[in-house]
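Scroll down for the structure; my scribbles are underneath it.
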Ligand code: HEC
């Protein structure tokens, strides 16, 4: 087992333990505490995206990252990976825990390493390394979904572009 695989296995064990703890808790009552409800009466409502909203954006960045790399459009791949990192970082800031699952720590444990591999592959314009690192990233997406009782959300390499209004090939110079 490689160090990376071991890290993934260990962090999944951690998450599984949290998931069990979350399920064994008594369901919280819908009643809100006065402190929690009071400010919203005075302040304008602000929209805070939920984890599912962030994931929709992550799905788009994941697909575009592959399409750019496959077309050897390394500038676009670099940009798209930067976007993906930003969204994961927003998740860590805004949804560090989701239903008692330590999403923020999970991202550090299973995503950050694969992103570094992708950055290196893009910097050296190495498609072989890029595709290996991309598949590792995809495996990490799915291992978190499995750990979070969302195994039915199965991510894979895109087989074609869903974005017919965007050119993925590098511009001819
Ligand atoms: C740290 C854990 C974690 C990681 C890592 C993770 N996800 Fe998720 N993802 C979740 C959870 C939890 C949900 C379910 C959210 C909900 O129920 O609202 C989810 C939901 C989704 C959804 C469904 C959203 C929808 O509305 O259709 C997609 C698509 C998705 N993830 C894609 C990805 C991709 C692509 C990656 C990797 C680049 C990834 N996820 C990495 C935890 C994770």
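Express the relative contact order of segment 51-147 as a whole percentage, based on alpha carbon pairs under 8 Å and six or more residues apart in sequence.
Working: 82 pairs, mean separation 23.7, N = 97.
Result for segment 51-147 is 24 percent.
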- Message: Sort 60, 124, 46, 114 by Cβ crowding within 10 Å, fewest neighbours at the top.
- Response: 46, 124, 60, 114
- Note on the structure: Rounded to the nearest Å, the spacing of the alpha-carbon centers of segment 71-100 and segment 107-173 is 11
- Item | segment 121-173: C-alpha gyration tensor shape, a/c 1.5 cut-off, then a/b vs b/c | oblate
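Rule-based calculations on the coordinates, nothing more; no lab input. Note that this is a predicted model, so its numbers are computed, not measured. All Cβ positions, glycine included, derive from the backbone under ideal geometry; neighbour counts span all protein chains shown.
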